[in-house]
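A quick write-up on the structure given underneath.
The values are calculated or read from the model by the stated rules, or taken from the named source; none is laboratory data. Only a predicted model underlies this, so the values are computations on that prediction, with no experimental measurement involved. No Cβ is skipped: glycine too gets one built from the backbone with ideal geometry, and neighbour counts run over all protein chains shown.
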Amino acid sequence: MGKWFSGPIWHLGSSSPGIQGRPGSPQSKENQKIPARTQSIHGQETSITLFWKMARVRGDGPGHSSQIANAMTFIYPFFTRGRPFPLQLLFFGMLFCIYNGFLQGYYLIYCAEYPNDWCTDIRFTSGLFLFLLGMGINIHSDLLLRQLRKPGEVTYKIPQGGLFTYVSGANYFGEIVEWFGFAIATWSLPAFAFAFFTLCCIGPRAYHHHRYYLKTFTDYPKSRKALIPFVF
């Protein structure tokens, strides 16, 4: 249950949506030295380390899944393009991601018990489908955002294409779907807690980004929603 108390720790560093780098915030241009996604490396590295150790204990090889995880952890952050990130938020992000990575990895390795036919269970198959769908939306949306700027540019532009046709926070929507899919597939309390935290954290951020776009761009599509297509 300690997972539920991680929210206040994170929001010590992100109490205002504007601090996330949106223009006009007093801290959006201070201490920006390191790419934003660097904060997630430590949490993912924790999970991967636990996975490798458990694989050695069981005598199993880590397989292709760990290779993909390592690629997403250590290669993708340097592939991104955009504004740097305030060091204060980087610290709190690292603190949360280390805690979350350890909690998820430890629970799945040492606490969770699944029947032999779990891979055919409707919870696993439906959760895996949602996870892959959300991951695809998230990656595709991030690529679209990356293509908005040329190297060195920091100006904001209207996102186009993909799920951005329907919502302003397509990448956030994909991430929320992704982690709720993971929670359903693993059917674990820590995973559901993390999915709920993700919704509470980046859901409001998507709304504030949507409101910023509407105020900044006079030609912004009025039919586009903030986070959930056709709904909100």
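When the residues of the stretch 153-204 are filtered to those that are farther than 23 Å from Ser126 by Cβ and of a type in the set (D, E, K, R), the one that is modelled with the highest pLDDT is Lys157.
So, in the stretch 153-165, of the ones that are part of a helix (DSSP H, G or I) and not hydroxyl-bearing (Ser, Thr, Tyr), which residue ends up surrounded by the most Cβ atoms within 10 Å (Cβ to Cβ)?
We begin by selecting, within the stretch 153-165, every residue part of a helix (DSSP H, G or I); these are 162-165.
From what's left, not hydroxyl-bearing (Ser, Thr, Tyr): 162-164.
Working: Gly162: 18, Leu163: 19, Phe164: 21.
Only one residue tops the list, namely Phe164.
For residues that are assigned to a loop (DSSP other than H, G, I, E, B) and either hydrophobic (A, V, I, L, M, F, W, C) or closer than 17 Å to Phe173 by Cα (or both), tally how many sit in the stretch 196-222. Write out each step before concluding.
Here is the first cut: in the stretch 196-222, the ones assigned to a loop (DSSP other than H, G, I, E, B) are 217-222.
Restricting the remaining residues to those that are either hydrophobic (A, V, I, L, M, F, W, C) or closer than 17 Å to Phe173 by Cα (or both) gives 217.
Summing the residues that are assigned to a loop (DSSP other than H, G, I, E, B) and either hydrophobic (A, V, I, L, M, F, W, C) or closer than 17 Å to Phe173 by Cα (or both) in the stretch 196-222 gives 1.
Here Phe79 fulfils each of the conditions (1) modelled with pLDDT under 90; (2) loosely packed, with under 14 Cβ neighbours inside 10 Å; (3) assigned by TED's automatic domain parsing to the domain that holds Ile184 apart from (3).
One line per residue, one yes/no per condition, for (1) exposed (fewer than 15 other Cβ atoms within 10 Å of the Cβ); (2) within 16 Å of Thr186 (Cβ to Cβ); (3) in contact with a helix residue (DSSP H, G or I) (Cβ under 8 Å, 6 or more places away or on another chain); (4) touching a residue at least 12 places away in the same chain (Cβ under 8 Å):
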{"position": "Phe102", "(1), (2), (3), (4)": "no, yes, yes, yes"}
{"position": "Tyr106", "(1), (2), (3), (4)": "no, yes, yes, yes"}
{"position": "Asp117", "(1), (2), (3), (4)": "yes, yes, no, no"}
{"position": "Arg123", "(1), (2), (3), (4)": "yes, yes, yes, yes"}
{"position": "Phe129", "(1), (2), (3), (4)": "yes, yes, yes, yes"}
{"position": "Asp142", "(1), (2), (3), (4)": "no, no, yes, yes"}
{"position": "Pro151", "(1), (2), (3), (4)": "yes, no, no, yes"}
{"position": "Val167", "(1), (2), (3), (4)": "no, no, yes, yes"}
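Filtered by the rule that a residue be under 14 Å from the mean Cα position of the chain (by Cα) and not charged (D, E, K, R), the stretch 160-182 gives Gly169, Ala170, Asn171, Tyr172, Phe173, Gly174, Ile176, Val177, Trp179, Phe180, Gly181, Phe182.
Listed conditions (1) touching a helix residue (DSSP H, G or I) at 6+ places or on another chain (Cβ under 9 Å); (2) without any contact (Cβ under 8 Å) to a residue 12 or more places away in the chain are all met by Ser188, apart from (2).
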